[in-house]
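Below is one structure, written out as structure tokens; the observations come after it.
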Amino acid sequence: NFSRVTEFILLGLSDTRELQVLFFTIFFLAYTMVLLGNLLIIVTVRTDPKLSSPMYFLLCNLSFIDICCTSVTAPRMLGDLLSQRKAIVFEGCIAQLFFLHFVGSSEMFLLTVMAYDRYTAICKPLHYTAIMSRWVCWVLVCSCWAGGFLHSITQTLLTVQLPFCGPNTIDNYFCDVQPVIRLACTDIYVTEWLMASNSGLISLGCFLVLVTSYTLILVSIRGRLTQGHWKALSTCASHVMVVTLFFVPCIFIYLRPFCTFPFDKYVCVIYTIFSPVMNPLIYTLRNNEVKESMWRL
């Protein structure tokens with residue numbers, strides 16, 4: 001007999017009622033900070049003519065992606081923390097998987113573009129305006145979204161073609177590739193390798209490009225630090241903090257085929273919730289221009 005799974009049961013972060021209330025309070029505040037902080041950055045950049053450089057244009061797009069990324073998982077998680085039965089229909093699970101990888105991989109590519117922007121501004125300041133023109137910025141941002149879509153649609157197609165007819169319990173608070181495909185009623189050896197080579201190598205590749213770009217920046221300005229260079233380095237330090245907070249957990253999760261740990265779902269919280277919370281704090285508290293514009297606004 002063959003029966004198709006119509007819904008999945010999400011186990012969430014904890015089945016203890018007291019911990020669920022605690023998690024709900026923490027993540028509700030975090031999600032509120034993500035929405036308010038990133039919306040404030042978007043409005044500030046869009047309304048202040050002084051913040052018209054490519055760096056702020058890319059920062060505005062990063063804030064929008066952070067809102068989208070967190071909104072894919074946080075509302076569902078908050079609702080499940082207050083409900084007894086944490087079920088999600090099959091179609092909703094696939095949609096969540098698609099949009100999470102869509103905006104998540106787009107953010108990876110965008111952070112790489114932001115590192116290229118800082119490299120150009122610091123190492124080639126005289127050519128910066130010509131290299132990072134508004135048209136080039138739009139092309140780079142659109143390429144990030146296109147790359148995210150191609151990555152996500154590949155992951156989704158590899159998942160939906162699998163037969164699901166047995167267990168339907170996911171030990172996580174959202175639908176992700178690894179826990180979902182392990183419920184398939186077939187051999188997933190090849191699929192898991194394809195998933196790891198897709199998500200894992202994209203995460204690792206973008207991270208290595210970022211590390212290389214910041215290393216080139218440090219090498220190029222060694223011994224000739226001016227006030228402008230110190231300001232640019234301060235901005236780069238912010239980017240490094242964001243990159244570390246976002247990429248390291250992603251590499252840990254997606255570059256491990258055939259291997260899972262019970263604490264994986266807690267690692268996922270870092271890049272789905274806390275990284276978008278830290279972005280507006282890092283980019284505003286370490287940037288006097290943005291802080292002054294916010295006060296004026």
Taking the range 11-40 as the region of interest, how many residues are at pLDDT 90 or above and in contact with a Phe, Trp or Tyr (Cβ under 8 Å, 6 or more places away or on another chain)? 2
Please go through the range 119-132 and give me each residue that is out of contact with any helix residue (DSSP H, G or I) (no Cβ under 8 Å at 6 or more places or on another chain) and small (Gly, Ala, Ser), ordered by number. 130
Looking at (1) more than 20 Å from residue 214 (Cα to Cα); (2) in contact (Cβ under 8 Å) with a residue 12 or more places away in the chain, can you tell me which one residue 120 breaks? (1)
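Would you tally the residues in the range 163-176 being part of a loop (DSSP other than H, G, I, E, B) and under 20 Å from residue 102 (Cβ atoms)? Full working, then the answer.
Let us first name the residues in the range 163-176 that are part of a loop (DSSP other than H, G, I, E, B), namely 163-168, 171-176.
Next cut, under 20 Å from residue 102 (Cβ atoms) only: 172-176.
Selection size over the range 163-176: 5.
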Which of the residues that make up the range 41-78 are open to solvent by 40 Å² or more (accessible area, probe 1.4 Å) and modelled with pLDDT of 90 or more? 43, 64, 71, 75, 76
Can you give me the number of residues within the range 1-35 that are of a type in the set (Lys, Arg) and part of a helix (DSSP H, G or I)? 1
Determine the pairs where a residue that is among the basic types (Lys, Arg), located within the range 261-276, has a partner that is in a helix (DSSP H, G or I) and open to solvent by 20 Å² or more (accessible area, probe 1.4 Å) with Cβ atoms under 9 Å apart, the partner being 6 or more residues away or on another chain. 265/179
Candidate set: the range 219-256, residues that are more than 24 Å from residue 116 (Cα to Cα) and open to solvent by 30 Å² or more (accessible area, probe 1.4 Å); chosen: the one modelled with the lowest pLDDT: 256
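Residues being in contact with an Asp or Glu (Cβ under 9 Å, 6 or more places away or on another chain), open to solvent by 10 Å² or more (accessible area, probe 1.4 Å) and not hydrophobic (A, V, I, L, M, F, W, C): count how many of those fall in the range 134-171.
Within the range 134-171, the subset in contact with an Asp or Glu (Cβ under 9 Å, 6 or more places away or on another chain) is 137, 140, 144, 148, 168, 170-171.
With open to solvent by 10 Å² or more (accessible area, probe 1.4 Å) added as a condition, the list becomes 140, 168, 171.
From what is left, the residues that are not hydrophobic (A, V, I, L, M, F, W, C) are 168, 171.
The number of residues fulfilling the criteria is 2.
Would you point out which residue out of 84, 96 is closer than 30 Å to residue 170 by Cβ, more than 24 Å from the chain's Cα centre (by Cα) and surrounded by fewer than 22 Cβ atoms within 10 Å (Cβ to Cβ)?
Numbers: 96 fails: more than 24 Å from the chain's Cα centre (by Cα).
Selected residue: 84, the only one of 84, 96 that is closer than 30 Å to residue 170 by Cβ, more than 24 Å from the chain's Cα centre (by Cα) and surrounded by fewer than 22 Cβ atoms within 10 Å (Cβ to Cβ).
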Any residue at all in the range 190-199 that's open to solvent by less than 30 Å² (accessible area, probe 1.4 Å) and either at pLDDT 90 or above or not in a helix (DSSP H, G or I) (or both)? no
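Looking only at the range 114-128, decide whether some residue is of a type in the set (S, T, N, Q) and either within 17 Å of the chain's Cα centre (by Cα) or open to solvent by less than 10 Å² (accessible area, probe 1.4 Å) (or both).
yes
The values are calculated or read from the model by the stated rules, or taken from the named source; none is laboratory data. It should be emphasised that the depicted structure is a prediction, and the values quoted were computed from it without experimental measurement. A quick note on method: Cβ atoms are made from the backbone with ideal geometry, for glycine too, and the neighbour counts reach across all protein chains shown. Just so you know, the surface numbers come from the protein's heavy atoms only, side chains and all, with ligands and any DNA or RNA stripped out. Shrake-Rupley method; radii C 1.70, N 1.55, O 1.52, S 1.80 Å.
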